[in-house]
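Participant: My questions will all concern the structure given below.
The values are calculated or read from the model by the stated rules, or taken from the named source; none is laboratory data. The model shown is predicted, which means the values in this text are computed figures rather than measured ones. In this analysis, Cβ positions are derived from the backbone assuming ideal geometry, glycine residues included, and neighbour counts consider all displayed protein chains. Just the protein is used for accessible areas: all its heavy atoms, side chains included, with ligands, DNA and RNA removed. Shrake-Rupley method; radii C 1.70, N 1.55, O 1.52, S 1.80 Å.
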Amino acid sequence: MELQFEVERLLYEYVQTLDDGHLERWPVFFTEECTYQVIARDNFDRGLPLALIRCESRDMLHDRVTALQQANVYGPRYLRHLVSNPRVVERHEESVLVQSNFAVLRTMLDEPTKIFLAGRYLDRIVVDSGVLRFSEKRCIYDTLLIPNSVTYPV
């Protein structure tokens, strides 16, 4: 039961950090050597490697944050991540594999709130320096049609 609580706490802190706009803290949730992927369900289910976004280290995540904060131009928006049904699906000596559902709501200042993206997280979580971190985070979205503005971390 304690593991379930710690996993939920990690997931909720992760999405709260993103929703609060603290992008500079996003890479801290990952190990130095990690995989972060935003991938279509169709590709994931078929074992196809093509992903919308793929980062293979914490440094790549830092680069992505720098690009978001300094290079990209986009209208002001608010994002709300909803996470549900987190459950440990595999346990290994040094990691656990956790699956949960997510939905991201996007509110532009001059539009009604919309469902931006929905799907499931598949996370490999390890203890790193005494803290739970993602060594793999796969954000598997359900639809084939996605907004052209998937720039923020999911």
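Participant: Can you report the number of residues in the stretch 43-69 which are hydrophobic (A, V, I, L, M, F, W, C) and within 24 Å of Thr143 (Cβ to Cβ)?
Facilitator: Residues flagged as hydrophobic (A, V, I, L, M, F, W, C) and within 24 Å of Thr143 (Cβ to Cβ) within the stretch 43-69 amount to 8.
Participant: Something else: For residues that are in contact (Cβ under 8 Å) with a residue 60 or more places away in the chain, not hydroxyl-bearing (Ser, Thr, Tyr) and not in a helix (DSSP H, G or I), tally how many sit in the stretch 67-78.
Facilitator: 1
Participant: For the stretch 1-23, name all the residues that are closer than 15 Å to Leu61 by Cα, of a type in the set (A, V, I, L, M, F, W, C) and surrounded by 19 or more Cβ atoms within 10 Å (Cβ to Cβ).
Facilitator: Within the stretch 1-23, Leu18 is the sole residue that qualifies.
Participant: For the stretch 66-91, name all the residues that are among the hydrophobic types (A, V, I, L, M, F, W, C) and modelled with pLDDT under 95.
Facilitator: Across the stretch 66-91, the qualifying residues are Ala67, Leu68, Ala71, Val73, Leu79.
Participant: Among (1) open to solvent by 90 Å² or more (accessible area, probe 1.4 Å); (2) outside any strand (DSSP E or B); (3) closer than 30 Å to Phe5 by Cα, where does Arg64 come up short?
Facilitator: That leaves (1) as the condition not met.
Participant: Return the pair list, or none, for Cβ contacts closer than 6 Å from residues in the stretch 92-112 that are of a type in the set (Ser, Thr, Tyr) to residues that are outside any strand (DSSP E or B), at least 6 apart or on different chains.
Facilitator: Pairs that qualify, where the first residue is of a type in the set (Ser, Thr, Tyr) and the partner is outside any strand (DSSP E or B), are Thr107/Thr113.
Per-residue answers, yes or no, for (1) under 15 Å from the mean Cα position of the chain (by Cα); (2) hydrophobic (A, V, I, L, M, F, W, C):
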| site | (1), (2) |
| --- | --- |
| Leu109 | no, yes |
| Asp123 | yes, no |
| Val127 | no, yes |
| Val131 | no, yes |
| Ser135 | yes, no |
| Asp142 | yes, no |
| Ile146 | no, yes |
| Val154 | yes, yes |
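Participant: If you check Gly21 against the conditions, is it over 14 Å from Lys137 (Cα atoms), in a loop (DSSP other than H, G, I, E, B) and under 17 Å from the mean Cα position of the chain (by Cα)? Walk me through it before giving the result.
Facilitator: On the way: over 14 Å from Lys137 (Cα atoms): yes; in a loop (DSSP other than H, G, I, E, B): yes; under 17 Å from the mean Cα position of the chain (by Cα): yes.
Spelling it out, Gly21 is indeed over 14 Å from Lys137 (Cα atoms), in a loop (DSSP other than H, G, I, E, B) and under 17 Å from the mean Cα position of the chain (by Cα).
Participant: Here's something else I'd like to know. Being assigned to a strand (DSSP E or B), touching a Ser or Thr at 6+ places or on another chain (Cβ under 7 Å) and surrounded by 14 or more Cβ atoms within 10 Å (Cβ to Cβ) is the filter here, so list the residues in the stretch 24-59 that pass it.
Facilitator: The answer is Thr31, Cys34.
Participant: Looking for whichever is touching a strand residue (DSSP E or B) at 6+ places or on another chain (Cβ under 6 Å), among the β-branched types (Val, Ile, Thr) and more than 17 Å from Ser84 (Cβ to Cβ) here; the options are Thr143, Thr113. Which one fits?
Facilitator: Thr113
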